[in-house]
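The values are calculated or read from the model by the stated rules, or taken from the named source; none is laboratory data. Treat the numbers as computed from the prediction; the structure is a model and nothing was measured. Cβ: placed from backbone, ideal geometry, glycine included. Neighbour counts: every protein chain shown. Ligands, DNA and RNA are excluded from the accessible area calculation, which covers all protein heavy atoms including side chains. Shrake-Rupley method; radii C 1.70, N 1.55, O 1.52, S 1.80 Å.
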Amino acid sequence: MAQFDPRRQPKRFTPHMFTAAAAVAVALLAGKLYQPVTAAEVPPLTAEQIAALEIQAFASAGAPAGMSQPETVQVQIQRGETLEQAMLRTGIGADEARAIVRTLGNAYDVVNIRAGQRFETAISRPRVGRGDARLIGLTVRTGPATQLTVSRSFDGALRLRELEEQVSNETTVATGEIHGSLSASAGRLGANSRIVAQAVRLFSHKIDFSRDIKAGDSFTLVFDRTVTESGRTVDTGELIYAEIKGQVFYRFQPEGSNEAKYFDADGKNIRGFLLRTPVDGARISSNYGVRRHPISGYRRMHQGMDFAAPTGTPVFAASDGVVVEARRWGGYGNWVRIRHGNGWETGYAHLSRFARGLRPGQRVSQGDVVAYVGSTGASTGPHLHYEVWRNGARVNPTGAQIPSGSELAGAELAAFQAERRRIDALIAARRAGAPSRPSRPPPKASAPPRADPLR
């Protein structure tokens, strides 16, 4: 048996072997887990993505402790009011209003601000009790595609930023349903008041917008426009195509002609000789024929049609022609008479005023504004009295045999058909693609409005 010698340290190999094995295992495992870090290429964010991130940031940081979710508040400068006074009307404190004006003043003339200027603000209010509201963001448009924003950073400081959107030209196919009015419904699809006015004038030959249009009626408008990245219309060109209640118009300019006109699918100029309704948004309050006069009380012949409309509503020339009279005429009050050729004339009475510069001898085109609805002369309220004359005698505007439009033929018809096919292809491609934004008015949101005023 081996003797134990206390002068020598005993050699224990087993612990050292375990330690070495563990070190080797750790090294092997680390080699498997560790991989060299490579830099992945991240694509740049688009303007829409940046805006979306800002919306998320405002939603999370926009409501300080004890404050409600921000609500959108429109601010319009009133006559004799400063920007600071307008901001105080939102409920924020005086110190904060001054700070906002100072911040915005670094890039905007806050001194010579004009009445009517609009701002969009996002305001957060105390949840309980009383206290000042807090501004989360403010936006003011400075140009067709530019705007300034004042927003709150995460530390509560105010930040000024100028945003300029890219603009592009496109042909827009706005198709939807009428809910509320054609103007509002088409506006939600990118059409502006100029495009809607063109459509109303076209369909005035065939449609009475006060009686014939019902909620849910479909429409399609095709027009060129300049549009921003966010989809806001900056400007529009001509109306290329219009369809309402099965009535269609194609814009076409025959070779050698100085003016483009509108034709139906067969190439017939469906612009009637006279407008069916020479005033927008009016209802017929009295037809042509025998009636009890509202002032004298006697039954007598009413030799025209009355359209009830608010004072100041524009009155259109029913057809191309020459102004014969623009004067005061007894019980008719302010009166305009236009000669259209071939023995046809139209008259407009009880006007509040004439169009600027209107005078006898002046040529007017169908749809031109010649006057404004009023209640001058023998009248019980604001309305347009409209008359149609044939060879010097008054006739029933709805029963008269009024000439129809011209019709294309030969080479002009072939050129029109080619243009019609081009427009039809645009509409078909649009309907086959993504649907238009809904033209139905958006429902009132149950959740608080968005906090971000930037978009």
Once you place label points 7 Å from the Cα toward the Cβ at ALA184 and ASP109, how far apart are they in nm?
3.6
Extension reserve of the GLU81-ARG422 stretch, reckoned as 0.36 nm per residue once the Cα distance is removed:
117.5 nm
Subtracting the Cα-Cα distance from 0.36 nm times the residue separation, let me have the gained length for GLU162 to ASN342 in nm, one decimal.
58.8 nm
Using a simple spin-label model with points 7 Å from Cα along the Cα→Cβ vector, what separation in nm is obtained for GLN303 and ASN396?
1.7
Run through the range 105-149 and list the trypsin sites (Lys or Arg not before Pro) located in a DSSP loop whose Cβ has at most 10 other Cβ atoms within 10 Å.
ARG114, ARG130
Which chymotrypsin sites (Phe, Trp or Tyr not before Pro) in the range 87-172 sit in a loop by DSSP (not H, G, I, E or B) and have at most 14 other Cβ atoms within 10 Å of their own Cβ?
PHE154
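Which length gain, in nm to one decimal place, applies between GLN247 and ARG102 when the Cα-Cα distance is subtracted from 0.36 nm times their residue separation?
46.7 nm
Nearest 0.05, what FRET efficiency do THR146 and ARG363 give at R0 = 56 Å with Cβ-Cβ as r?
Values: r = 40 Å, r/R0 = 0.72.
With R0 = 56 Å, the Cβ-Cβ based efficiency is 0.90.
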Computed E for THR72/ALA414 - FRET, C-beta separation, R0 51 angstrom, nearest 0.05
0.40
Averaged per residue, the 1.4 Å probe accessible area of the range 320-425, protein heavy atoms only, in Å², is roughly 49
Principal axis lengths of the range 342-426 from Cα atoms, whole Å, largest first?
53, 30, 26
What distance in nm separates the simple spin-label points at ARG89 and SER286, each placed 7 Å from Cα in the Cβ direction?
4.1
What accessible area, in Å² to the nearest ten, does a 1.4 Å probe give for GLU96?
40
Go through LEU202, LEU413 and list them by solvent-accessible area, largest first, probe radius 1.4 Å.
LEU413, LEU202
Per-residue accessible area for GLU407 at 1.4 Å probe radius, Å² rounded to 10?
130
Computed ³J(HN,Hα) along the range 229-235: with the Karplus parameters 6.51/-1.76/1.60, θ = phi - 60°, integer Hz and x for glycine or proline, the list is 4, 7, x, 8, 6, 8, 7
For the range 154-274, dividing by residue count, accessible area per residue (probe 1.4 Å) in Å² works out to 47
If amide hydrogens are placed 1.01 Å from N in the peptide plane, which non-local residues have theirs closer than 5 Å to the one on SER68?
ARG125, ARG127
